[in-house]
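Engineer: Structure incoming, see below.
Taken together, the values in this text are just the output of simple stated rules run on the coordinates, not laboratory data. As the structure is a prediction and not an experimental result, all values here were calculated from the model. Virtual Cβ from ideal backbone geometry, glycine too; neighbours counted across all protein chains shown.
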Amino acid sequence: MKIEFQHSQWDQTECDVLVLPIFEDDDYQSGLLSQIDDKLDGLLREVRENEEWKGKMGDCAVLYRPPGLPLRRIVLVGAGQREHYDLGTIREVAVAAVNRVKSYHLKRVAFCRRSRVDAALAAQAAVEGVLLATYSGDDFKTEDRAKNFIEEIIFVSPEAHDRQAVEEALHRGSILAEATNYARYLVNQPGNCVNPSKLAEEARTTAEKYGLSLEVMGEPEMEEEGMLAALAVARGSDEPARFIILRHQGGGDEEAPLVLVGKGVTFDSGGYSLKPPAAMEDMKVDKSGACAVLAAMQAVARLGLKKNVIGLIPTVENMVSGRAQRPGDIVRSLSGKTIEVLNTDAEGRLILADALAYAQRYKPAAVVDIATLTGACVVALAHVRAGVFANDESIFAGLEEASRRSGERLWRLPLDRQYRKLLDSDIADIKNVGGRWGGAVTAAKFLEEFVGEMPWAHIDMAGVDSFHESAPLKGATGFGTRILVEFVSHFQAG
Ligand code: BES
Ligand code: ZN
Ligand code: ZN
């Protein structure tokens with residue numbers, strides 16, 4: 001898709017559709033809306049005042065063949081209160097508008113700038129929204145696939161902006177959105193299509209295409225290293241485990257790397273602590289953290305970030321068989337610590353324990369792991385925010401800033417030492433479940449045990465891996481991809 005910026009008046013832009021964000025408290029008496037309304041002979045006000053369209057956030061109204069203009073459609077999109085029009089709402093408005101018009105036979109879509117947010121940041125958010133809305137996630141349908149006729153997007157502003165800055169932002173937004181769509185595509189693949197070896201092949205393709213270095217360990221190498229906690233999870237499956245290491249060396253040789261770790265459970269049946277059918281249905285998404293890390297590494301490489309970044313992806317399938325681990329088994333993890341596995345459905349933390357212990361050998365400046373780790377986090381935050389835990393204030397601040405830029409919401413949860421007691425085992429160093437209460441926190445406390453001295457944060461994205469009911473998009477969200485890239489981009493050592 002062609003994406004460009006034009007400094008021009010709204011009625012001098014050659015296009016098929018003009019997208020016009022409209023605020024609930026918009027001013028029809030003066031400025032842009034009054035100009036447009038005059039040209040349209042009062043049509044704008046008529047639509048609004050007749051309450052045919054209430055201008056609710058994301059709601060669209062289409063004006064067909066606007067009189068006296070070279071356009072074929074004008075799309076009015078509800079943009080909420082003017083005061084709250086930020087990067088997040090710009091992105092949402094772009095998603096809503098493109099979702100509405102992409103199936104029309106219209107090629108050139110122009111977006112009118114209405115925000116007062118920095119033009120480059122706004123352009124990045126808008127292009128992200130546009131591209132997220134063009135990926136439909138119906139790759140497995142043979143018929144009735146959502147069509148997209150849009151070929152060109154033009155961002156129009158009547159003010160002169162720093163053209164180079166805006167164009168760079170459009171480029172950056174495209175890379176971030178394409179990476180997010182790549183994560184969405186991978187997460188949407190069911191367990192019979194993507195298993196650990198498939199994920200490793202996917203990583204190889206991405207690494208070769210974008211110039212990342214790659215190492216993939218199979219089970220013999222993992223065993224040699226001592227990753228017995230991760231291997232214990234993989235035992236029940238016919239699909240062998242993989243440990244994927246991706247590397248982007250954009251900084252100096254001396255510079256401590258940033259390490260990103262993603263949970264790659266390609267399907268989570270629960271193991272012998274079997275999930276009930278309804279809870280198991282969607283467990284192909286249990287590789288979302290891994291896909292976010294792989295996609296983020298793709299974007300880091302494409303953007304040529306001047307940082308050293310390592311992506312670690314432990315990947316397994318959690319199944320049942322005569323070889324599977326049993327509740328009550330004790331395993332020795334890579335760190336040397338022994339774990340009493342009381343619940344085989346708490347498998348994510350076992351593979352992450354070994355990956356975090358492995359990360360220590362890089363002496364990283366920061367480690368961020370991301371995982372669909374606990375149902376408890378969904379109970380706490382529903383499908384709106386992911387939980388974040390951090391043992392380091394500057395990493396937390398960096399993630400908060402990244403989240404503000406990307407529009408993917410986070411909420412901090414605690415790591416008080418009092419929670420650690422819940423994981424005390426009578427016979428091993430730690431048990432893998434902490435009982436009924438505070439499940440997201442005890443999972444994070446479990447991970448902390450394997451972090452050592454590294455500055456670390458953990459993102460529990462179990463509630464936000466997929467879109468729900470009222471969302472304009474379907475399937476996987478690709479959550480985390482953009483947070484990780486923004487975090488890496490703006491990370492300052494020291
Ligand atoms: N993959 C699940 C967590 C999950 C739940 C992801 C809902 C996405 C949506 C994880 O492996 C799991 O099963 N966790 C258990 C932990 C419990 C046994 C301590 C859970 O949350 O029930
Ligand atoms: Zn599980
Ligand atoms: Zn899981």
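Engineer: Looking at region 21-71, which trypsin sites (Lys or Arg not before Pro) are DSSP coil and have at most 13 other C-beta atoms within 10 Å of their C-beta?
Structural biologist: Passing sites in region 21-71 are 54, 56.
Engineer: How long are the semi-axes of the equivalent ellipsoid of region 200-294, taking √(5λ) for every eigenvalue λ of the Cα gyration tensor, in whole Å from largest down?
Structural biologist: Over the Cα atoms of region 200-294, the ellipsoid semi-axes are 28, 16, 12 Å.
Engineer: Please figure out what share of the DSSP beta bridges in the chain is antiparallel and state it in percent, rounded to the nearest 5.
Structural biologist: Here the antiparallel bridges make up roughly 40 percent for the chain.
Engineer: Using the basic label-point model (7 angstrom from Cα toward the beta carbon), what is the residue 8 to residue 103 distance in nanometres?
Structural biologist: Each label point is offset 7 Å from its Cα along the Cβ direction, giving 3.0 nm.
Engineer: In addition: Full extension from residue 139 to residue 118: what is 0.36 nm times the residue separation minus their Cα-Cα distance, to one decimal in nm? Could the numbers behind the result be given before it?
Structural biologist: Details: separation 21, 0.36 × 21 = 7.56 nm, distance 3.61 nm.
Contour length minus Cα-Cα distance gives 3.9 nm.
Engineer: Then there is this: Place a point 7 Å from the Cα of residue 86 along the Cα-to-Cβ direction; which residues of region 126-152 have their backbone N under 12 Å from it?
Structural biologist: The answer is none, because no backbone nitrogen lies closer than 12 Å to the label point.
Engineer: Taking the Cα centre of region 283-323 as origin, sum charge times position over the Cβ atoms of Lys and Arg (+1) and Asp and Glu (-1), and report the length of that vector in debye to the nearest 20. Provide the component values of the computation, followed by the final result.
Structural biologist: Values: 6 positive and 2 negative charges, 38 e Å.
Result for region 283-323 is approximately 180 debye, rounded to the nearest 20.
Engineer: For region 233-238, just list the computed ³J(HN,Hα) in residue order, Karplus coefficients 6.51, -1.76 and 1.60, θ = phi - 60°, integers in Hz, with x standing in for Gly and Pro.
Structural biologist: My calculation for region 233-238 gives 5, 6, 3, x, 9, 6 Hz in order.
Engineer: Taking region 438-489, which GluC sites (Glu not before Pro) meet the DSSP loop condition and have no more than 15 other C-beta atoms within 10 Å?
Structural biologist: 453, 469
Engineer: Stokes-Einstein at 4 °C, 1.567 mPa s, Kirkwood radius from Cα pairs: D for region 408-494 in µm² s⁻¹?
Structural biologist: Calculated translational D: 83 µm²/s.
Engineer: Follow-up. With an 8 Å Cα cut-off and a minimum separation of 6 or more residues, compute the relative contact order for region 1-67 in percent.
Structural biologist: Rounded, it is 22 percent for region 1-67.
Engineer: Applying a 10 Å radius around every beta-carbon, put 198-208, 17-27 in order of their mean neighbour count, most first. Let's see the in-between values first.
Structural biologist: Working: 198-208: 18.2, 17-27: 20.1.
With the highest mean Cβ count within 10 Å placed first, the list reads 17-27, 198-208.
Engineer: Same structure again: Which trypsin sites (Lys or Arg not before Pro) in region 245-322 pass both tests, a DSSP loop state and at most 13 other beta-carbon atoms within 10 Å?
Structural biologist: Loop-located and lightly packed - 306.
Engineer: Here's a follow-up. How large is ³J(HN,Hα), in whole Hz, for each residue of region 373-390 in order, when computed from phi with the Karplus curve 6.51 cos²θ - 1.76 cosθ + 1.60 and θ = phi - 60°, using x for Gly and Pro?
Structural biologist: Residue by residue, region 373-390 yields 8, 9, x, 4, 5, 5, 4, 6, 10, 6, 9, 9, 10, 8, x, 9, 10, 8 Hz.
Engineer: Under a 5 Å amide H to amide H cut-off, with H placed in plane at 1.01 Å, what residues pair with residue 311 once short-range neighbours are removed?
Structural biologist: Counting only residues 5 or more places away or on other chains, the set is 246, 247, 248, 260.
Engineer: Residues with amide H under 5 Å of residue 5's amide H, sequence separation 5 or more or different chain, H placed in the peptide plane at 1.01 Å from N; which?
Structural biologist: HN-HN under 5 Å from residue 5: 155.
Engineer: Still on this structure: By how many degrees, between 0 and 90 and to the nearest 10, does the Cα long axis of helix 163-188 differ from the longest principal axis of the chain?
Structural biologist: 50
Engineer: Determine which residues of region 243-287 fall in the zone a paramagnetic label at residue 363 would reach in this model, i.e. backbone nitrogen under 11 Å from the point 7 Å along Cα→Cβ.
Structural biologist: Output list for this probe position: 254-257.
Engineer: In what order do 280, 297, 222 fall by count of nearby beta-carbon atoms within 10 Å, going from fewest to most?
Structural biologist: Arranged by neighbour count, lowest to highest, 280, 297, 222 become 280, 222, 297.
Engineer: A further question on this structure: Using θ = phi - 60° and the Karplus curve 6.51 cos²θ - 1.76 cosθ + 1.60, what whole-Hz ³J(HN,Hα) does each residue of region 23-32 get, with Gly and Pro shown as x?
Structural biologist: Using θ = phi - 60°, the values come out as 7, 4, 9, 6, 9, 8, 8, 9, x, 4 Hz.
Engineer: Also, I was wondering about something else. Nearest 0.05, what FRET efficiency do residue 323 and residue 379 give at R0 = 25 Å with Cβ-Cβ as r?
Structural biologist: It comes out at approximately 0.15.
Engineer: What's log10 of I(q)/I(0) for the chain at q = 0.12 Å⁻¹, Debye sum over Cα points only, no solvent?
Structural biologist: Calculated log10 I(q)/I(0) at the listed q: -1.01.
Engineer: Also, quick follow-up: Could you tell me the relative contact order of the chain? Use alpha-carbon pairs under 8 Å, at least six residues apart, and round to a whole percent.
Structural biologist: Reported as a whole number, the value is 15 percent.
Engineer: Under a point spin-label approximation (7 Å from Cα along Cα-to-Cβ), what is the residue 416-residue 148 distance to one decimal in nm?
Structural biologist: Between residue 416 and residue 148, the label points sit 4.7 nm apart.
Engineer: Now, a different point. Over every pair of different alpha-carbon atoms in region 315-457, take the mean of 1/r and invert it; report that Kirkwood radius in Å. Don't skip to the end; give the middle numbers.
Structural biologist: Details: mean 1/r = 0.0626 Å⁻¹.
Final number for the Kirkwood radius of region 315-457 is 16.0 Å.
Engineer: Another question, if that's okay. If each residue's Cβ is checked for other Cβ atoms within 10 Å, how do 30, 8, 237, 174 rank with the fewest at the top?
Structural biologist: Values: 30 8, 8 13, 237 22, 174 19.
Listed from fewest to most nearby Cβ atoms, that is 30, 8, 174, 237.
Engineer: Dipole of region 164-280, Cα-centred, from +1 at each Lys and Arg C-beta and -1 at each Asp and Glu C-beta, to the nearest 20 debye?
Structural biologist: 600
Engineer: Hey, can you grab everything whose amide H is under 5 Å from the amide H of residue 267? Only 5+ residues off in sequence or another chain; H modelled, so Pro and N-termini drop out.
Structural biologist: 318
Engineer: Also: What's the extension gain from residue 469 to residue 253 if we count 0.36 nm per residue and subtract their Cα-Cα distance?
Structural biologist: 73.0 nm is the gain from fully extending residue 469 to residue 253.
Engineer: So which of 307/445; 107/209; 198/263 end up more than 19 Å apart by C-alpha?
Structural biologist: From the list (307/445; 107/209; 198/263), the Cα-Cα distance tops 19 Å for 307/445; 107/209.
Engineer: Using Cβ counts within 10 Å as a stand-in for footprinting exposure, how do 74, 351 rank, fewest first?
Structural biologist: In increasing order of surrounding Cβ atoms, one gets 74, 351.
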